[in-house]
């Protein structure tokens, strides 16, 4: 109740003040004392009123003036142009001949050459150029721009090109789509795109790892036959290589790049095709250090058993079995990186020969052991027989039975005489030093010479046949 009374009093006072202000004489309005305060009050009220009256103007979009490029493109694409119909031929009609598409490309990188799946990855800038007279807008030397660049949403006719040996492919879209479509004033169209491809590459591994492979990039039209589209290579530099590409591959070296044609005929017609041939030579240094030198060392280590005494059975058996198992493990590691093929590869010949030498060294020890055991048994049998014989022997000179002691003395005398006659013989000296008469040791002596000679002969034949970097050409 009290608050309502106070509000009424305040309201009445305000009304009285307003009435007094409007009823004051004009002289007071002109008095200099109150002039400044009145001006201040008038300015304040004016400012408040002006602020209250301010309103945002309606938004009017700024009209962008159309450039000549936009006008030309709108005029070209809206005057009955149909992007679903291929350009006319030379005589201006659809039957005037095929559209000639000039192709060139820039190889940016080659990677992931897979021997097992027989494929490789390549990144390239692919360019096509053709003439569409429906999009010509000027002549050379006029004031119009030399070319126009199409943006997204502006469709024109383009060749239906595809890569015949492609497994996977995608266009690059970062940061913007890596695509360029340029329309020249004479109607020439330039289409450029950056793409990454995974292409199949049938490999012939007869000379692996000293092989030279040929991988292809085949480009053709999918639906248009040679009556509608004809692909041709650009006259100058049809295939360009990025600087350093030839030597940037980890396991191969790009030795040559060439171009040719691969037009094919099917039940639906003949289709124009272009082929890029990449000649890749495998780097041999890795296999030399990781395969050939270690396998040679294993073969040589297996020959150590020929110098170990035949009675050291555990040492010789352990050496032979260890080298054989090591060679088998190395062979499995190499074959795991290769596809199972029906023919013999160079690496198979090498590994097979090394395993054969190691296995033969192990068999040689078994043969030596067999001969030694047979000699020992024969010697024991002879001694036992002599012990059971009579104490008399027949003398071969006079057919008279004499005591054993006399016969042995006579035999020793004849042996000494024979040795005196051959004392200067070189062969006798060798036989004495090498114990040639012992058949088991004789086998080791022959193996010490025969195995290295045979392995050296194999190496000469192997490197002569496979060391020429033969080009594997597909048939």
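Read-outs throughout are calculated quantities, based only on the coordinates presented, and are distinct from any laboratory measurement. Note that the structure is predicted; figures quoted are calculated from it, not measured. Please note: Cβ atoms are built from the backbone with ideal geometry, for glycine as well, and neighbour counts cover all protein chains shown.
At a Förster radius of 22 Å, what calculated FRET efficiency corresponds to the Cβ-Cβ distance of residue 448 and residue 322, to the nearest 0.05? For R0 = 22 Å, the calculated efficiency reads 0.65.
What is the fewest-to-most order of 245, 325 by other Cβ atoms lying within 10 Å of their Cβ?
Taking fewest neighbouring Cβ atoms as first place, the list is 325, 245.
Packing around the peptides 270-278, 104-112, taken as the average count of other Cβ atoms within 10 Å per residue, puts them in this order, highest first: 270-278, 104-112. Given 10 °C and 1.306 mPa s, how large is the Stokes-Einstein diffusion coefficient of the range 68-283 in µm²/s, with Rh as the Kirkwood radius over Cα pairs? The calculation lands on 83 µm²/s.
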